[in-house]
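Q: Handing you this structure, nothing more for now.
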Amino acid sequence: MLKAIKKDFRAIFERDPAAVNSIEVLLTTPGLHAIILHRTAHWLWEKGVPLLPRVISHIGRFLTGIEIHPGAAIGDSFFIDHGMGVVIGETTIIGNNVTLFQ
């Protein structure tokens, strides 16, 4: 899971010219926050943990405006830019190196 998050973080600098420095990206990029929370929720979902993955997903939606169901499968180096209102459902499968624009 941490390897995937690191790849997501690097993808921001590769694809977003507004990404200035690491601290700014960590603190102010809702797409990164959403994918970190999703990867955590998805890991728990895969382990069969009840309720907690959905709660994490709900908190992520509240904080970022981006809704990602914990059952969604998302590949490495995923980047959401301008994500307010994005909804990724339970049966969604997203490959590697995908950038999603709202």
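Q: Taking Cα pairs under 8 Å and at least six residues apart, what relative contact order does the chain come out at, in percent?
A: Normalised by residue count, the contact order of the chain is 27 percent.
Q: Pop the C-beta distance of Phe101 and Glu46 into the FRET formula with R0 = 25 Å and round what comes out to the nearest 0.05.
A: 0.35
Q: Continuing with the same structure: Rank Leu27, Leu37, Leu63 by mean-square fluctuation in a GNM of the chain with C-alpha springs under 10 angstrom and give only the top-ranked residue.
A: Leu27
Q: Hey, can you grab everything whose amide H is under 5 Å from the amide H of Ile80? Only 5+ residues off in sequence or another chain; H modelled, so Pro and N-termini drop out.
A: Excluding prolines and chain starts, which carry no amide H, the hits are Leu100.
Q: If you don't mind, there's one more thing I want to ask. Express the carbon and sulfur contribution to the solvent-accessible surface of segment 1-47 as a percent, rounded to the nearest whole number, probe 1.4 angstrom.
A: Summing carbon and sulfur atoms, their accessible area is 63 percent of the total for segment 1-47.
Q: Explain nothing, just compute: Karplus ³J(HN,Hα) = 6.51 cos²θ - 1.76 cosθ + 1.60, θ = phi - 60°, for every residue of segment 84-99 in order, whole Hz, x for Gly and Pro.
A: 3, x, 5, 10, 10, x, 4, 8, 5, 10, 10, x, 7, 6, 9, 10
Q: What is the spin-label model distance, in nm, from Ala73 to Met1 if the labels are put 7 Å beyond Cα along the C-beta direction?
A: 1.9
Q: Once amide H atoms are placed 1.01 Å from N in the peptide plane, what residues at a sequence separation of 5 or more from Ile94, or on another chain, have their amide H within under 5 Å of its amide H?
A: Ala73, Ile74, Gly75
Q: Might you tell me the accessible area per residue for the chain, computed with a 1.4 Å probe and given in Å²?
A: So the chain comes to 60 Å² accessible per residue, rounded to a whole number.
Q: Which one, Pro50, Ala19, Leu37, projects farthest toward the positive side of the charge dipole computed for segment 1-81 from Cβ point charges (K/R +1, D/E -1)?
A: The one lying farthest along the dipole's positive direction is Pro50.
Q: A further question on this structure: Can you give the helix-only mean residue ellipticity at 222 nm for the chain, where every DSSP H stretch with n ≥ 4 adds -39500 (n - 2.57) and the sum goes over all residues, rounded to the nearest 500 deg cm²/dmol?
A: -16000 deg cm²/dmol
Q: Let me know the charge dipole size of the chain about its Cα centre in debye, to the nearest 20, where only the beta-carbon of Lys, Arg (+1) and Asp, Glu (-1) is charged.
A: 260
The values are calculated or read from the model by the stated rules, or taken from the named source; none is laboratory data. Please read all numbers here as calculations on a predicted model, not as lab measurements. Cβ sites come from the backbone with ideal geometry, for glycine too, and all protein chains shown count toward neighbours. For accessibility, only protein heavy atoms count, side chains too; no ligands or nucleic acids. Shrake-Rupley method; radii C 1.70, N 1.55, O 1.52, S 1.80 Å.
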